[in-house]
Amino acid sequence: MTTLVCTTASKAAAPAAQTLPYPSFSSYVRARRPVLLRTARSLTGNPSDAEDLLQTALTKTYVAWERIEDHRALDGYVRRALLNTRTSQWRKRKVDEFACDELPEPEPRPGGDPAEQQALRDAMWRAIMRLPARQRAMVVLRYYEDLSEVQTAEVLGVSVGTVKSAVSRALGKLREDTELGLVRH
């Protein structure tokens, strides 16, 4: 006599696998993953390690999801989890030291003088701060927070066309900014 146990179990498990206990967690991860991944990359320097680090931090966040009172501060919570996890990994790693006759010299970094790069970043922020508040918000959301035009429009409660035209005008103002022109040349 043969009974089909697997069929019944797989049918019962299928709907449960599709619904998550915390749907807001999955929407948070979908929305903020690119930004959080950039943070993880800055901590590790390796894209594969960054993805592993982010996955671990998101797992810790998921476990604590019910205890997090202010979901508006989730980015800070996840960033702290990234930093704490990376610090723990760093402390646990085994360091092998090898004696050598010569100290290895680091390869020169392409991209110019770090002081010039910092001066350009500072000038860019000053130029962005001179933009009207609405254009400034759109530029920051689009290029610093890496949101799409649709996401930016949703956050600000405007149409996608408004985002496109305002960002275009803002970029035009930034191209014409005299201070940026002086720093770039």
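The values are calculated or read from the model by the stated rules, or taken from the named source; none is laboratory data. Please read all numbers here as calculations on a predicted model, not as lab measurements. Every residue, glycine among them, receives a Cβ derived from its backbone with ideal geometry; neighbour counts consider all protein chains shown. The accessibility values were calculated without ligands, DNA or RNA, using every heavy atom of the protein model including side chains. Shrake-Rupley method; radii C 1.70, N 1.55, O 1.52, S 1.80 Å.
Placing a label point 7 Å from the Cα of Tyr143 along the Cα-to-Cβ direction, the residues of the stretch 32-73 with a backbone N closer than 20 Å are 34-36, 38-39. So what does the Cα-only Debye profile of the stretch 59-185 read at q = 0.12, 0.15 Å⁻¹, as log10 I(q)/I(0), no solvent term? Taking Cα atoms of the stretch 59-185 as identical point scatterers yields -0.81, -0.97.
At the residue level, Asp49 shows approximately 70 square angstrom of accessible surface with a 1.4 angstrom probe and all protein chains present.
Spin-label pair Glu154-Arg175: with each label point 7 Å from Cα along the Cα-Cβ axis, the two points sit 3.0 nm from one another. Counting 0.36 nm for each residue step from Glu116 to Val35 and taking away their Cα separation leaves a gain of 26.6 nm. Value of Rg to Rh for the stretch 107-151, rounded to two decimals, is 1.14; Kirkwood radius and Rg both from alpha-carbon coordinates.
The alpha carbon radius of gyration of the stretch 37-105, expressed as a multiple of 2.2 N^0.38 Å, is 1.45. Each label was represented as a point 7 Å from its Cα along the Cα-to-Cβ direction; for Trp125 and Glu66 these points are 4.1 nm apart.
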